[in-house]
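Q: Below are the structure tokens for one structure; questions will follow.
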Amino acid sequence: MEGKEEKSAPSSNEDHGINYKGVKAMPFIVGNEAFEKLGTTGTLANLLVYLTTVFNMKNITATLLVNFFNGTSNVAPLAGAFLSDTYFGRYNTLAFASICSLLGMTALTLTAAIYKLHPPKCEVKESAKCVGPTAWQFAFLLSGFGFLVLGAGGIRPCNLAFGADQFNPATKSGKQGINSFFNWYYFTFTFAMMISATFIVYIQSNISWGIGLAIPAFLMFMSCALFFVGSKLYVKVKPQGSPITSVVQVLVAAAKKRKLNLPDNPALSLFNYIPTNSINSRLVYTDQFRWLSKSAILTSEDQLNSDGSAANPWKLCSIQQVEEAKCVLRVIPIWSSAIIYFVAIIQQQTYVVLQALQSDRRLGNTGFQVPAASFIVFSMVSLTIWIPIYDRILIPSFRKLTHIESGITSLQRMGIGIVLSVLTMLVSAVVEERRRHLALTRLTLGIAPKGGAISSMSALWLVPQLTIAGITEAFNSIGQIEFYYKQFPENMRSVAGSFLFLGLAGSSYVSSFLISVVHHITATSQGGDWLSEDLNKGKLDLFYYLIAALGVLNFGYFLVFAKWYRYKGCNDSSSELSIEVKQQSQKHLV
């Protein structure tokens, strides 16, 4: 109920018209999200440049550190979702995480503002001669990263769900409020990232790193202030235990009963108990992962409570629990394909910045130089422009051909994104090959901050690959969010929200592994280091081709498991497409 501070579950027969609690709380939650994204994105968008220019790190070292930091930040939400659902609740988790993010950004600001917290400025163009950070300077920097990881772990899995908590989804006005909140959430998210990648990055790169990092820290302070000011208005859902426990119980019970044989008609013979307060949709029995179904075999040793539930859920599980566990296991192969997919996207946030530093960043004859880290805004712009085109033009066209309400299935949308990610890397390789060729054969425009001649190729030639990368995310990344949201059990929505970040984490680690392996192997080869500090001496285009080749293999892997996959609530005899068509015709979302 919106009128109470705490709620356990929405009531389907209660509708008080406008959800005043939700409407009143939404400005504080959306404002908190906007300032938080302005702060964190403004701090992290230019992080690679900061580490290479202020902390005098080598390109390889800085890239590996950024990838490791991003990976850890994206693993943390899974732990945050578990702790929030099991112990602390979303409000307390967000409160703690917001303070941690503020402390982390304050620490990064101090590393730039206090000269003793960073190495002396490097006056030479050869990075090998620059003085690196001392042990305690590096430790202070890592402490800032640590607080930011804690902040990401709590904010990313909880902010959307906490906003949705303010409305009763069982009422018409509640559903409208949730839709309005999602619209405003994504608008502020994109707007904040674009402002951060342009205005804040410009101040950091051209005016002062101290001021440029202090602004995001102040914005994060405003985010915390807004969040706590609205505390009395929020609906705070009590933690009801982690749904992950139910999945583990199925695995344990199945292992204990692994020697038993399934009955001839499992759907009718296995134990099936559904709690009256369950919010999950009822699932039909499926033959995939049959070994898990053994956990629902009722033996003479199993005891039941008076309400019909299992006395020991670690020995006996219901068919409903088993099918919910199967939902999670089915998603994992599809999720793993996102790891290689995101490797291509990561390069458009790391190495593309280094490419821009050694390209002509001037706009016409104005003399104005676009900050290298600001080029990633083109990816955001293309994503923002493409979404309404896809939603208003393409989906209606696809719908006429496929008779599917969503135009194409979630898996088809993700597959298109994987193909486009391969195209992104191919275009990136061609552009880099041209940039290096001009740097080696034509007059250059000076020396980049970290050494290496600046190619006469305009950095605007990086826009096509970034544009494709944005469209790629519109297909695959958003497709993943939709897929996880629909395919996970309803009580695992927080966990579902963290799966996207978990894929990003895996890709960050894989990217770091690839960079390390390629660097060490090619550094001693006759052809030279592909990932040289000076891109003109390296062969970054070959590294891009390597990622494109991995993308092709990943697409084949995705096709195999997409064909194998069965949507939640559907039997095994139906194909993916026929399932979607049938259910959409019945006005159900797959």
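The values are calculated or read from the model by the stated rules, or taken from the named source; none is laboratory data. All values reported here derive from a predicted model rather than from experimental measurement. Cβ coordinates were reconstructed from backbone atoms using ideal geometry, including for glycine residues, and neighbour counts include every protein chain displayed. Note: areas computed on protein heavy atoms with side chains; ligands, DNA, RNA excluded. Shrake-Rupley method; radii C 1.70, N 1.55, O 1.52, S 1.80 Å.
Q: So which of 236/486; 236/256; 37/232; 326/400; 37/116; 37/326 end up more than 27 Å apart, counting from Cα to Cα?
A: Those over the limit are 236/256; 326/400; 37/116; 37/326.
Q: What is the range 267-308 by shape, rounded, prolate or oblate, if you read a ≥ b ≥ c off the alpha carbon gyration tensor as root eigenvalues and call it rounded for a/c under 1.5, prolate for a/b larger than b/c, and oblate otherwise?
A: Note, shape of the range 267-308 comes out oblate.
Q: Oh, and also: Just to confirm, what accessible area per residue do you get for the chain at 1.4 Å probe, in whole Å²?
A: Averaged over the residues of the chain, the accessible area is 45 Å².
Q: Let me check against my output: what whole-number percent is the relative contact order of the chain, with C-alpha pairs under 8 Å and at least 6 apart?
A: 19
Q: Still on this structure, I have one more. For the chain, with all protein chains present and a 1.4 Å probe, just round the carbon and sulfur fraction of the accessible area to a whole percent.
A: The value for the chain is 65 percent carbon and sulfur by accessible area.
Q: Turning to a different aspect of this structure: Just to confirm my numbers, what's the Cα centroid distance between the range 390-452 and the range 41-113 in Å?
A: About 27 Å separates the Cα centre of the range 390-452 from the one of the range 41-113.
Q: Amide H neighbours of residue 237 under 5 Å, at least 5 residues apart or on other chains, H built in the peptide plane: list them.
A: 7, 90, 91
Q: Multiply the residue gap between residue 433 and residue 290 by 0.36 nm, knock off their C-alpha separation, and tell me the result in nm, one decimal place.
A: Full extension of this stretch gives 46.3 nm more.
Q: Show me the trypsin sites (Lys or Arg not before Pro) within the range 365-463 that DSSP assigns to loop and that have at most 15 other Cβ atoms within 10 Å of their Cβ.
A: 442
Q: Let me ask something else about it. What order do 405, 323, 533, 301 take when sorted by accessible area (1.4 Å probe), most exposed first?
A: Most to least solvent-accessible, the answer reads 301, 405, 533, 323.
Q: For the range 282-291, just list the computed ³J(HN,Hα) in residue order, Karplus coefficients 6.51, -1.76 and 1.60, θ = phi - 60°, integers in Hz, with x standing in for Gly and Pro.
A: Those phi angles translate into 6, 10, 7, 6, 10, 8, 5, 6, 4, 4 Hz.
Q: Just how far, in whole angstrom, is the range 242-280 from the range 312-331 if you go by their alpha carbon centroids?
A: Their Cα centres are 5 Å away from one another.
Q: Give the peptides 74-80, 552-558 in descending order of average Cβ contacts within 10 Å, highest first.
A: Result, highest mean first: 74-80, 552-558.
Q: For the range 418-532, what does the alpha-carbon gyration tensor say about shape, rounded, prolate or oblate, given a ≥ b ≥ c as the root eigenvalues, a/c under 1.5 as rounded, and a/b over b/c as prolate?
A: Taking the square roots of the gyration eigenvalues as a ≥ b ≥ c, the range 418-532 is prolate.
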